[in-house]
Amino acid sequence: MRTSGTLGNFVAISEADIKLLWGRSAGMCSRPGCGVDLTCLPEGKDAYTVGEMAHVIARSIAGPRGRAKGGDDSYANLILLCPTDHRHVDKAPDGEFPIELLHNWKMIHERRIRALGSENKFEKVEELSKAVRTILAKSHAIWNAFGPRSEAATADPNSNMYDIWELRRADTIVPNNRTIINMINANEVLLDQKQMEAFALFCVHAEAYEAHVRSPLDAYPTFPKSFEEAFAYE
């Protein structure tokens with residue numbers, strides 16, 4: 001991982017923990033009722049992040065919710081917040097935002113992200129297929145805009161596109177894959193045999209890709225073309 005730019009701003013935190021936190025939070029503020037997108041994408045300009053990986057237990061004994069040994073920089077001791085909520089949490093009087101409350105915010109937010117799509121019920125397979133294609137299109141748009149072969153990345157190899165791509169695939173593409181899996185599982189009765197087989201291949205790809213995003217693998221099953229074809233209803 002680069003030591004400058006978007007991800008370089010978190011040099012004390014490991015790459016794996018950054019991706020885990022951003023991915024499980026889907027790049028959104030974890031405070032209930034907020035949920036603001038923490039990656040800014042101004043048209044014609046470099047993208048940037050405003051998310052802050054706040055410590056639940058401060059590293060300093062004297063810091064917010066400080067303890068005798070201080071808190072570490074691990075995923076377990078971090079919560080993703082917008083700048084405004086981070087300041088509220090750290091500047092409020094002692095006891096207003098206790099450790100247990102912040103852990104609960106994080107748990108509820110990440111559990112909600114993990115369950116996205118499960119509530120979607122369809123009457124026809126065509127409706128399910130349209131929803132699947134919509135999510136796939138969003139992931140593909142991210143690849144086109146920020147991926148290593150994107151126009152912006154190839155035009156300026158020194159831009160921050162690599163850093164943004166690393167976060168976007170963790171906080172958007174991986175959750176998108178999980179949403180598709182949840183949505184199809186909730187409507188499995190609508191699938192025919194061909195679609196079931198294609199879906200099984202997609203699940204294998206999605207799980208391996210999620211592992212690859214967090215810790216690069218030498219190889220993993222690529223996106224199965226048969227999945228896109230199986231849900232290509234017009």
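The values are calculated or read from the model by the stated rules, or taken from the named source; none is laboratory data. From a predicted model like this one, the values you see are computed outputs, not experimental measurements. All Cβ positions, even for glycine, are placed from backbone atoms using ideal geometry, and neighbour counts span all protein chains on display.
Structural remarks
- Residue in region 83-90 that is of a type in the set (Asp, Glu) and at pLDDT below 90 present: no
- Verdict on Ala76 being more than 14 Å from the chain's Cα centre (by Cα), part of a loop (DSSP other than H, G, I, E, B) and more than 15 Å from Leu101 (Cβ to Cβ): no
- Residues that are within 14 Å of Asn185 (Cα to Cα) and under 19 Å from the mean Cα position of the chain (by Cα), drawn from region 120-135: Val132
- Listed by position, the helices (runs of 4 or more DSSP H) inside region 87-181 whose residues that are of a type outside the set (Gly, Ala, Ser) and more than 30 Å from Arg67 (Cβ to Cβ) number at least 1 are 125-146, 151-155, 161-168.
- Scan of region 84-100 for residues that are more than 12 Å from Ala58 (Cα to Cα) and surrounded by 14 or more Cβ atoms within 10 Å (Cβ to Cβ), ordered by number: Thr84, Asp85, His86, His88, Phe97
- Within region 137-182, the residues that satisfy the criterion of being β-branched (Val, Ile, Thr) and within 20 Å of His212 (Cβ to Cβ) are Ile142, Ile164, Thr172, Ile173, Val174, Thr179, Ile180, Ile181.
- Output for region 143-166, where each listed residue is surrounded by fewer than 17 Cβ atoms within 10 Å (Cβ to Cβ) and of a type in the set (Asp, Glu): Glu151, Asp156
- The set of residues in region 68-77 that are out of contact with any Lys or Arg (no Cβ under 8 Å at 6 or more places or on another chain) and more than 20 Å from Met107 (Cβ to Cβ) comprises Ala68, Lys69.
- Residue list for region 145-162, restricted to those being within 18 Å of the chain's Cα centre (by Cα) and more than 19 Å from Thr49 (Cα to Cα): none
- Among residues that are under 16 Å from Gly27 (Cα atoms), touching an Asp or Glu at 6+ places or on another chain (Cβ under 9 Å) and not charged (D, E, K, R), Ala54 is included.
- Per the listing Ala131, Ala208, Ala186, Ala198, the residue uniquely in contact with a Lys or Arg (Cβ under 7 Å, 6 or more places away or on another chain) and at pLDDT 95 or above is Ala186.
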